[in-house]
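Remarks on the structure that follows.
A short reminder: the numbers here are calculations on the coordinates, not readings from a lab. Fair warning: this is a prediction, and the values are worked out from it, not measured in the lab. When we count neighbours, we look across all protein chains shown, and the Cβ atoms used for this are built from the backbone with ideal geometry, even at glycine.
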Amino acid sequence: MRVVFASAEVSPIAKTGGLGDVCGSLPKALQKLGHDVVVFMPFYRQARQWFEKSGAPLHPLMPTQVIAWANWIAEATYLRASLPGTDIPIVFVANDFFFERDQIYSDAPDGWHDYLLRYTFFCRAVIRACELLDIRPDVLHCHDWHTALLPLYLDSGLRSVPQFQRAKSVFTIHNLNYQGIAGPGAFALTGLHQRYWAPDALEHYGTLNPMKGAILLANQVTTVSPNYGREIMTPQLGAGLDGVLRSINYKFLGILNGIDADEWNPLTDPHLPVNYDETMLREKTRVKRALLKEADLKFSQKTPVIGAVSRLVGQKGFQLLLPVFDRLIAAGAQLLILGSGEPDLENALAYLGERFRDRAKVWLGFDNALAHRIYGGADMLLMPSIYEPCGLNQMYALRYGTIPIVRLTGGLADTVIPYDGTNLDVANGFGFVAADPRELQLASWLAMLNFKDGATWKTLQTHGMEQDFSWERSARQYDEVYRR
Ligand code: ADP
Ligand code: GLC
């Protein structure tokens, strides 16, 4: 099938989190199944810099086009490259006003929150490119709210355009809590017929809600783990859309994310000072030693290192770590944290990092190479998420023999089997349920106790490293969704 992917992030070109990882790796697995995939993404400053740095070829596709919709016109320049390491075409939509910004999700230079306008433009530009390049998708696979208007455009008459005659839409929810909500005045911006301003389309309690519109009008809807798929049907985790989701249960499926097994492989990872696999776990110690040196901390194989790599936002639960940070250190841990996000969390963690300078290191920022070294060098990886649609970090950690300590929510509960003293035949990590700092502390303490027992620890490590998190199985499930 001809599949068009539209996403706000694609790794390694520009990402802030797992959305990028998925859209950079799932297309490869789909290609292996025989699908013909084209990926669309905005040409952010980060993307431009990625090409400048890597020297990878990037070509203009056609003269700059004027995209006109509703009362708007804006220019789109299309650039073409291949998804790194593949021959899968990736088409960039460039427009300096919208995408040449400090961060991927920055507001306009004058402070205007123009998120809806930027991504509406992106969606319109994807459609226009398919027309001009005669790309005839069987499936338009849209990811998260940024591309949520595409299924609505498809529903609203686009199928009369020859390129879209056969097209069906699949909408994947990577994070239900970002819905692209705007005030009712923004509806005019979409250029959609007035009938879409209704509770069975874009309108949600008087606001404009792109995520809701896509859930209702896409032909198929998926999310990124089976457990999160169940959780978001409840008011607790449904972010106001649980009722909407229950009503579309017939076209909804939770498919566990895979990981790019080439990029995330301790045996070949170029970011690690030493490579290893489950048969040579001793080498992992050398990665730990180098990481501690980088953090300017003392190395001892006996001291458990708890690492974390995360966006620092409420979702990720690091507010639970703050009150017990000192206790984990008192219990014998070293803490290594890499993250960026909300200033309050950044400041609080940076403060604790300074205060316990001889036992902890906090790096504020986004650094993919360092992230790899933390997955490789830490003994444990902490993910205290309040909610977690899938989570990729725990899978990277498992692959690297680093034992996850997680809050058992969403995809974390689908991938981490907590050790409870009776299930060493299957366990691969540690977990807790209540979103409570004490629970986090206890689970970490339990992990530290077991860390002292070399044989148990090795068994836990081996279980994770032998697990198959590659995309193959999940890609087959997407294939089934496409066929449906
Ligand atoms: P989410 O998408 O919600 O942030 P995931 O676990 O799905 O969570 O994916 C997170 C991805 O982003 C991983 O690839 C992780 O390594 C990466 N990441 C998050 N924060 C940072 C950071 N500060 N530096 C480098 N990589 C990061
Ligand atoms: C989102 C979720 C994360 C998931 C990722 C990729 O960013 O927060 O849990 O792994 O999307 O699907």
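Taking all Cα pairs closer than 8 Å and separated by 6 or more residues, the relative contact order of the range 282-465 comes to 22 percent. Take each peptide in 236-246, 425-435, 328-338, 394-404, count the other Cβ atoms within 10 Å of every residue, and average; sorted highest first, the result is 394-404, 328-338, 425-435, 236-246. Of 197, 457, 471, the sequence from fewest to most neighbouring Cβ atoms within 10 angstrom is 197, 457, 471.
Below 15 angstrom from the Cβ of residue 129, what's the summed charge of the other residues (Lys, Arg +1; Asp, Glu -1)? Walk me through the numbers before you get to the answer.
Values: positive: 2, 80, 124, 128, 136; negative: 75, 131, 134.
Summing Lys and Arg as +1 and Asp and Glu as -1 gives +2.
Helix-only estimate, please: 222 nm mean residue ellipticity of the chain, summing -39500 (n - 2.57) across DSSP H runs of length 4 or more and dividing by its residues, to the nearest 500.
Numbers: 18 runs with 174 residues, N = 484.
That calculation yields -10500 deg cm²/dmol at 222 nm.
A crude spin-label estimate for the pair residue 136 and residue 16, with each label 7 Å from Cα along the Cβ direction, gives 3.8 nm.
For the chain, count the residues as N, evaluate 2.2 N^0.38 Å, and divide the Cα radius of gyration by that value, please.
Values: Rg = 22.7 Å, N = 484, 2.2 N^0.38 = 23.0 Å.
The value comes to 0.98.
Between the range 134-203 and the range 262-307, the alpha-carbon centres lie 45 Å apart.
When only Cα pairs below 8 angstrom with a gap of at least 6 residues are kept, the chain shows a relative contact order of 12 percent. The rule of thumb for compact globular proteins, 2.2 N^0.38 Å, goes into the C-alpha radius of gyration of the range 282-465 0.92 times. Look at the alpha carbon pairs under 8 Å that are at least 6 residues apart: their mean separation over the length of the range 57-116 gives a relative contact order of 22 percent. Since only 119, 74, 364 are under comparison, the one whose Cα sits farthest along the positive direction of the charge dipole of the chain, derived from C-beta charges on Lys, Arg, Asp and Glu, is 364. The DSSP beta bridges internal to the chain are antiparallel in roughly 25% of cases. Of all lysines in the structure, the ones whose alpha carbon falls short of 18 Å from that of residue 28, not counting any fewer than 8 places away in one chain, are 15. Relative to the Cα centre, the charge distribution of the chain, modelled as +1 at Lys and Arg Cβ and -1 at Asp and Glu Cβ, gives a dipole magnitude of about 360 debye. Potential lengthening of the chain between residue 425 and residue 265 amounts to 55.2 nm, from the contour at 0.36 nm per residue minus the alpha-carbon distance. As a size descriptor, the averaged projected area of the C-alpha convex hull of the range 122-211 was calculated at 5.7 nm².
Would you work out which of 317, 248, 258 lies farthest towards the positive end of the dipole of the range 246-324? Charges go on Cβ: Lys and Arg +1, Asp and Glu -1. Checked the options; the winner is 317.
Between the range 107-133 and the range 448-484, the alpha-carbon centres lie 38 Å apart.
A straight chain from residue 249 to residue 322 at 0.36 nm per residue would run longer than the Cα-Cα distance by 22.4 nm.
Between 13, 477, 194, the Cα set farthest toward the positive side of the dipole of the chain (charges on each charged residue's Cβ, about the Cα centre) is that of 477.
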